[in-house]
Amino acid sequence: MSILKDAKDLLQGAVQGAMGKAVAIAPDSWMPGGEPDPLIAMRHGHVGRPHSRIDGPLKVSGSAPFAAEFPMEGMAYASLVFSPIAKGRILEIDTTSAEAAPGVLAVMTYVNAPRISPPPVFLSGAKAAGGDDLPVMQEDVVRWNGEPVAVVLAETQEQADHARSLVHIVYEARRALIDFAEAKAAGSRTAVFMGEPLHLEIGDADKALADAPVRIDSSYSTPRHNHNAIELHAVTAAWEGDTLRIHDASQLVAHTAWSIAQMFGIDEKQVVITSPFVGGGFGGKCLWQHQVLASMAAKLAGRPVRLVLSREGVYRIVGGRSPTEQRVALGADREGRLKALVHSGTTAKTASNMMAEPFIVATKSAYASETFKLDVRAVELDMLANTFMRAPGEAVGTFALESAMDELAEALGIDPIELRMRNEPEKDPTSGLPFSSRNVTEAWRAGAQRFGWDRRDLVPRMVRDGEWLVGMGCATGTYPYYRMPGGAARITITSGGHATVDIAAHEMGMGTATAQTQVAADRLGLAMDEVTFRYGDSTLPGVVLAGGSQQTASIGAAVSAAHGALVKELLKIAGNDSPLAGLKPDEVASRDGGLCKRDEPERHETYVSILGRARQASVSVEAEAPMPLETQHWSMHSHAAMFCEVRVNTVTGEPRVSRFLGSFDCGRILNPKTATSQFRGGIIMGLGLALMEETQFDERKGRVMNPSLSEYHVPVHMDVPEIDVIWTDIPDPHTPMGARGIGEIGITGTAAAVANAIYNATGRRVRDLPITLDKLL
Amino acid sequence: MTITVNGAAVSLPNDPRVSLLDLLREDLHLPGTKKGCNQGACGACTVLVDGERILSCLALAVQFEGRSVTTIEGLGMPGALHPLQAAFVEHDGFQCGYCTPGQICSAIGMAEEIRRGVPSHVTSDLSSETIALSRDELRERMSGNLCRCGAHNGIIDAIAETFAPKTALAEAAE
């Protein structure tokens, strides 16, 4: 079944690949971004200013409504029962006691659940959103330890939670494949990601490695991780006639509406998903069973349902990052120029999803090596489907690659930054495409100077402060520029001169509403308070994923297209009495509350005047963004140079990060205040990745053993030093607004920078995350 | 049986299992207090009871008869924010905003603990009557409030700006 999914994915990839070759050789001017976005040249607008969040007062006063906070008339509360076995059958379910408990309205199991289709799994179609493609409470079959097997509905949460304990289920357990080593021994196969096999060979890397005068060859491992957004996954769902209304916490509202409609066999317009605020996502707030179970239960009971997962419930039914075992082998000449770059290994997925942790992706464009051998193999386990978590692939892949670069630098006796500079490629080393904009050298230079890198001792274990050993490390961070198809937006301008931009996008804390209001204000020639940015509603235009660090580009391209359509429409409305009469759309720009001739700004008419003369209350246009061909024409990536200082206690082994600097090259920064928070947020999650985070998985039972925020450790205030952040602010000439993604890059490179600093402090190289104190004693 | 919430007397629930958090969120429709774990691990549900910070998810509502609870809604609203709320906006002390009400309530309770001279793990001089409002003190004392977006620096900046000058003034007066 999974092989079929891979085959379908590969076929799509092959079609894209064939088209990609044509796109690669086409002239620049045919591409989206072939001409720089006019906003790049506009240096004195709203873009680039550190505006405080426009939704800030709502959030700090607790007035921003999250998914579990929409009251509904007659609402029932749900509580879930999770399977304690990894694989098997339900032999018997006794719900009598639960149903008789006070306040209980219904107990839903596979026996009485409404019949629906399985979810379309993410990446299987343009709007597919499912974390897996398994049936939801339709059969007596159990497929992972933690799968929901019953939903109790009651008048209050307390009643539902109590009645849940009264559901009696007898299981027949079957042998499950949950042990990573056992699965590897049984055989793995080449992983596939977004239509491409995760395998690439250029030249004979094995021979080049064997022949290289200097080489290192190391193995690294990273554990499972969970997103752990502080907001619990929650949903309030109601059927209003034939329409299903869901208040969700979502980073893909349009995908979710379509996918749930497929499952219930109804039109996608009959499913309305709203998600105005999301309490953290990081890849985890997508379509899992809770939205579907709440919708089914609402149908069964004929009442609106609120389902808030317990923290344990989030671990049981929302997938996280998969474990990886990686090998990096580097061969170089004595000057440090790479002759061979081998990055391979194995990760775990399930047969029910299309997501293999693609840990080689960053390696594809990182360094100019003469030969490459990159390979990800996957095994399929009987577990909850793994999924995307902040910088899937890059977060853990850069830990291995950038630790290895540090090891090579030491083997060569070269400064690790200098080693990276010597291997800086002029074009993409594996695709051969030109870079759209790559200023890694500038990021390293500025970062090294600010961090005081020249104070670092090349020899480990040389700096001591009392009982603490002190060290510095660095690593490269990188994340691709993506822009996914499906972006569309609507712009409406009223006769009063107020603009509304509508797009089914998301605000999970990235500052979307604020930054996009700045962009729209500049694009339309209006003040910030003359623009309303509406988002987080599946009935708005566009299929926009808040993921892959692509939302800003996706919105930017869609609003730019809508602006083009708006200019055309306004010129039509303006007619022959306007100073704009006779101008073609591409001769016209927005400025000072209206339109003007691009090179003759005084030839101008305001929106108010145009609409007033036409006696029109408003004008509204909708347009789709062009296909994202630019990503096949240029090699497009955000870049970073990460610097870390650690202190390791010689008595306890305790590692503490004392200083951190991220020096970024991510195109133009739209809002320095919110961008700083994005960068810091990624880095801090990277500190967790480096030092403490691990989802502990019982390889005998297939059960997550630390499903709580007490036992899964995330960085707390005391773990977080002041994180310094700088950037080049060099616009990318080929992206909307000149910006590239900033949401995920912060977590890339960070773990390696910490590990390399720990090596510099202690002389101990830890290749197995997280680097807990027991590994340093 | 009543409890005072943001200055208004309200009835306690009949069901003794109802936590103070669920009373606020579900019965009183004050969802500003957040549920992040419901087991005392994340701090998102922090409220002030008679001026002291507590985790409302670990508190049964019926235990708080006659007590006075202040939630984020009671501190300030858009247009009339508490100085600490305004400082959070200015210093970008949040991203998604979900842990924010708990961080703010916790910080207000914490500042009062420092004012009273309650020491922490990082307080170097336990005999001192005044405790300096250093970043380490703030970080240590705020570590029970998790933030997954990584707004830690902005949170500490906002707290330091709001409370440090007053404490310095108080010290000067003594």
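Mind listing whichever residues of the stretch A:235-250 are over 26 Å from the mean Cα position of the chain (by Cα) and not in a strand (DSSP E or B)?
A:241, A:242 - these are the residues of the stretch A:235-250 that are over 26 Å from the mean Cα position of the chain (by Cα) and not in a strand (DSSP E or B).
Can you go through A:72, A:108 and tell me which one is touching a residue at least 24 places away in the same chain (Cβ under 8 Å) and surrounded by fewer than 18 Cβ atoms within 10 Å (Cβ to Cβ)?
That would be A:72, the only listed residue that is touching a residue at least 24 places away in the same chain (Cβ under 8 Å) and surrounded by fewer than 18 Cβ atoms within 10 Å (Cβ to Cβ).
For residue B:113, are the conditions met, namely being within 10 Å of chain A (Cβ to nearest Cβ) and part of a helix (DSSP H, G or I)?
When the stated conditions are applied, residue B:113 does not pass them.
Here is a list: A:6, A:55, A:28, A:94. Which entry is out of contact with any Lys or Arg (no Cβ under 9 Å at 6 or more places or on another chain) and modelled with pLDDT under 95?
Going through A:6, A:55, A:28, A:94 in turn, the sole match is A:28.
Can you pull out every residue in the stretch A:27-50 that is within 30 Å of residue B:91 (Cα to Cα) and more than 10 Å from every other protein chain (Cβ to nearest Cβ)?
Selection gives A:39, A:40, A:41, A:42, A:43, A:44, A:45, A:46, A:47, A:48, A:49.
For every residue, the table says whether it meets (1) without any contact (Cβ under 8 Å) to a residue 24 or more places away in the chain; (2) in the same structural domain as residue B:43 (by TED's automatic domain parsing).
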position	(1), (2)
B:64	no, yes
B:94	no, no
B:101	no, no
B:123	yes, no
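How many residues does the stretch A:721-735 hold that are at the interface with chain B (Cβ under 8 Å from one of its Cβ atoms) and under 22 Å from the mean Cα position of the chain (by Cα)?
Residues meeting the conditions: 1.
So which of A:470, A:501 is touching a residue at least 60 places away in the same chain (Cβ under 8 Å), in contact with a helix residue (DSSP H, G or I) (Cβ under 7 Å, 6 or more places away or on another chain) and either over 30 Å from residue A:761 (Cβ atoms) or not in a strand (DSSP E or B) (or both)?
Unique residue meeting the criteria: A:501.
Within the stretch A:576-587, is there a residue that is in contact (Cβ under 8 Å) with a residue 40 or more places away in the chain and out of contact with any strand residue (DSSP E or B) (no Cβ under 7 Å at 6 or more places or on another chain)?
no
Conditions tested, residue by residue: (1) loosely packed, with under 15 Cβ neighbours inside 10 Å; (2) touching a Leu at 6+ places or on another chain (Cβ under 8 Å); (3) of a type outside the set (A, V, I, L, M, F, W, C).
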position	(1), (2), (3)
A:185	yes, no, no
A:208	no, no, no
A:213	yes, no, yes
A:227	no, no, yes
A:233	no, yes, yes
A:238	no, yes, no
A:241	yes, no, yes
A:258	no, no, no
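Could you please find all residues in the stretch B:85-107 being more than 7 Å from chain A (Cβ to nearest Cβ) and surrounded by fewer than 23 Cβ atoms within 10 Å (Cβ to Cβ)?
Across the stretch B:85-107, the qualifying residues are B:86, B:91.
Need a quick list: helices (runs of 4 or more DSSP H) entirely within the stretch A:143-234 having at least 1 residues that are closer than 17 Å to residue A:375 by Cβ.
In the stretch A:143-234, A:180-186, A:205-211 are the helices (runs of 4 or more DSSP H) which contain 1 or more residues that are closer than 17 Å to residue A:375 by Cβ.
Looking at the stretch A:670-678, can you tell me whether even one residue there is under 19 Å from the mean Cα position of the chain (by Cα), within 14 Å of chain B (Cβ to nearest Cβ) and basic (Lys, Arg)?
No, the stretch A:670-678 contains no residue that is under 19 Å from the mean Cα position of the chain (by Cα), within 14 Å of chain B (Cβ to nearest Cβ) and basic (Lys, Arg).
I'm trying to understand the selection: among the residues of the stretch B:1-29, which are assigned to a loop (DSSP other than H, G, I, E, B), more than 8 Å from chain A (Cβ to nearest Cβ) and among the hydrophobic types (A, V, I, L, M, F, W, C)?
Result: B:1, B:12, B:28.
From the list A:539, A:532, exactly one residue is surrounded by fewer than 24 Cβ atoms within 10 Å (Cβ to Cβ), in a strand (DSSP E or B) and within 32 Å of the chain's Cα centre (by Cα). Which is it?
Result of the check over A:539, A:532: A:532.
Test of understanding: among A:334, A:327, A:321, which residue is of a type in the set (D, E, K, R) and buried (at least 24 other Cβ atoms within 10 Å of the Cβ)?
Within the list A:334, A:327, A:321, the selection yields A:321.
Run residue A:621 past the list (1) in contact with a strand residue (DSSP E or B) (Cβ under 9 Å, 6 or more places away or on another chain); (2) buried (at least 20 other Cβ atoms within 10 Å of the Cβ) and report the number of the one that doesn't hold.
Only one criterion is unmet by residue A:621, namely (2).
Taking the stretch A:554-577, which residues are farther than 16 Å from residue A:35 by Cβ, small (Gly, Ala, Ser) and buried (at least 24 other Cβ atoms within 10 Å of the Cβ)?
Listed by number, the residues that qualify are A:554, A:558, A:562.
Would you be able to tell me the number of residues in the stretch A:394-436 that are crowded, with 20+ Cβ neighbours inside 10 Å and on the phi > 0 side of the Ramachandran plot?
0
Quick one: is residue A:57 outside any strand (DSSP E or B), within 11 Å of chain B (Cβ to nearest Cβ), out of contact with any His (no Cβ under 6 Å at 6 or more places or on another chain) and surrounded by fewer than 17 Cβ atoms within 10 Å (Cβ to Cβ)?
The answer is no for residue A:57.
Test residue B:114 against the criterion of being under 21 Å from residue A:53 (Cβ atoms), assigned by TED's automatic domain parsing to the domain that holds residue B:161 and either touching a residue at least 40 places away in the same chain (Cβ under 8 Å) or crowded, with 21+ Cβ neighbours inside 10 Å (or both), and give yes or no.
Against the criterion (under 21 Å from residue A:53 (Cβ atoms), assigned by TED's automatic domain parsing to the domain that holds residue B:161 and either touching a residue at least 40 places away in the same chain (Cβ under 8 Å) or crowded, with 21+ Cβ neighbours inside 10 Å (or both)), residue B:114 does not qualify.
Just checking, how many residues over the stretch A:692-720 are away from chain B (no Cβ under 14 Å) and either among the hydrophobic types (A, V, I, L, M, F, W, C) or within 24 Å of the chain's Cα centre (by Cα) (or both)?
6
For residue A:595, state whether it is part of a helix (DSSP H, G or I), touching a helix residue (DSSP H, G or I) at 6+ places or on another chain (Cβ under 8 Å) and in contact (Cβ under 8 Å) with a residue 12 or more places away in the chain.
Considered against the rule, which asks whether it is part of a helix (DSSP H, G or I), touching a helix residue (DSSP H, G or I) at 6+ places or on another chain (Cβ under 8 Å) and in contact (Cβ under 8 Å) with a residue 12 or more places away in the chain, residue A:595 comes out as no.
What are the residues in the stretch A:636-674 that are part of a helix (DSSP H, G or I) and either crowded, with 24+ Cβ neighbours inside 10 Å or among the polar types (S, T, N, Q) (or both), if any?
A:674
If you take the residues in the stretch B:66-81 that are crowded, with 18+ Cβ neighbours inside 10 Å and in contact (Cβ under 8 Å) with a residue 24 or more places away in the chain, which one is farthest from the other protein chains (Cβ to nearest Cβ)?
B:69
The values are calculated or read from the model by the stated rules, or taken from the named source; none is laboratory data. Owing to the predicted nature of the structure, the values given are computational and were not obtained by experimental measurement. All Cβ positions, glycine included, derive from the backbone under ideal geometry; neighbour counts span all protein chains shown.
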